[in-house]
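Each remark here refers to the structure printed beneath this line.
Laboratory data are not the source of any read-out in this text; all were calculated from the coordinates shown. Note that the structure is a prediction, hence the values are computed from the model and not measured. Here Cβ is always computed from backbone atoms with ideal geometry, including for glycine, and neighbour counts include all displayed protein chains.
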Amino acid sequence: MRRIYQTDLDEAIEWSLVRKFGEGAVTDVPEFKDEVVAFSGTETTCPYDFDIHTAAHARLETGAIIRIAHGDPIGIVEVKSRNIPFGLYSTYKLSKRKCDSIIRISEEAALPALLVIGWRDRIGWMYLNNQEGVGLKKMIASGKASVCSWGRLDRNDPHDVEDAYEWHTDNFNVSNYPEL
């Protein structure tokens, strides 16, 4: 079985990114434009990180009101954090196996699948797949996403180098981090 490298800090960063996405950019996603959404985390063995739900509201003892995930999922999200500025590279790469798995799950569940990236200076999102076939799935079919070998070598783990899809970063909807 492959070792899992994700730490508690990595998970906390992903939660922070998905909350920022939910507060700022989620209204730019056509499926969720009129929805108030909340996220629930998936198990570590799931190929994606979060489910999107409609939100219910709960009042805390302090009087604060928070959103909580309600009902069946209405979307799925893979979240990545990159400790580089957005424009440093003109392309983005992500595991082919992971992408193919997320697209398959999206199709089977008839749910949109999103990729949310937190760079040092920007947050971006794009479809991996939606019901109209928009996003990475369409880019793969049209040749706008190519397959390459990619990964890291610093952990001496042969599983860290694998086939990946590579596509241009102008396919992301990018914005500054929202003010929370």
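Odds and ends about this structure:
- Rounded if a/c under 1.5, otherwise prolate or oblate - segment 1-101, Cα gyration tensor axes: prolate
- Our estimate of slack between H168 and C46, defined as 0.36 nm per intervening residue step minus the Cα-Cα distance, is 41.3 nm.
- Partner lysines whose Cα lies under 26 Å from the Cα of K144, excluding those fewer than 8 positions away in the same chain, are identified as K80, K93, K96, K98.
- Toward the positive end of the charge dipole of the chain, with +1 on the Cβ of Lys and Arg and -1 on the Cβ of Asp and Glu, the farthest Cα among G41, V161, G24 is that of V161.
- For the chain, with +1 on Lys and Arg beta carbons and -1 on Asp and Glu, the positive-most of N173, Y89, A110 along the dipole: Y89
- Nitroxide proxy distance, nm - points 7 Å out along Cα→Cβ at S146 and I65: 5.1 nm
- Of all beta bridges that DSSP places with both ends in the chain, some 85 percent have antiparallel geometry.
- Sites T91 and S16, calculated FRET efficiency, Cβ-Cβ separation with R0 30 Å, nearest 0.05: 0.75
- Extension reserve of the A56-D8 stretch, reckoned as 0.36 nm per residue once the Cα distance is removed: 14.6 nm
- Under DSSP loop assignment and at most 16 Cβ neighbours within 10 Å, longest GluC sites (Glu not before Pro)-free interval of the chain: 62-131
- The loop-placed trypsin sites (Lys or Arg not before Pro) in segment 1-102, going by DSSP, that have at most 10 neighbouring Cβ atoms within 10 Å of their Cβ come out as R2, R3, K33.
- Acute angle (nearest 10 degrees) that the helix 8-24 long axis makes with the longest principal axis of the chain, alpha-carbon atoms: 60 degrees
- Sequence-distant residues sharing a close amide H with S81 (under 5 Å, placed H): G118
- Principal-axis tilt of helix 96-109 within the chain, Cα atoms, nearest 10 degrees: 40 degrees
- Relative contact order %, the chain, counting alpha carbon pairs below 8 Å whose residues are six or more apart: 19 percent
- R0 of 25 Å, Cβ-Cβ distance V161-A109: FRET efficiency to nearest 0.05: 0.25
- Computed [θ] at 222 nm, deg cm²/dmol, the chain (DSSP H ≥ 4; -39,500 (n - 2.57); rounded to nearest 500): -6500 deg cm²/dmol
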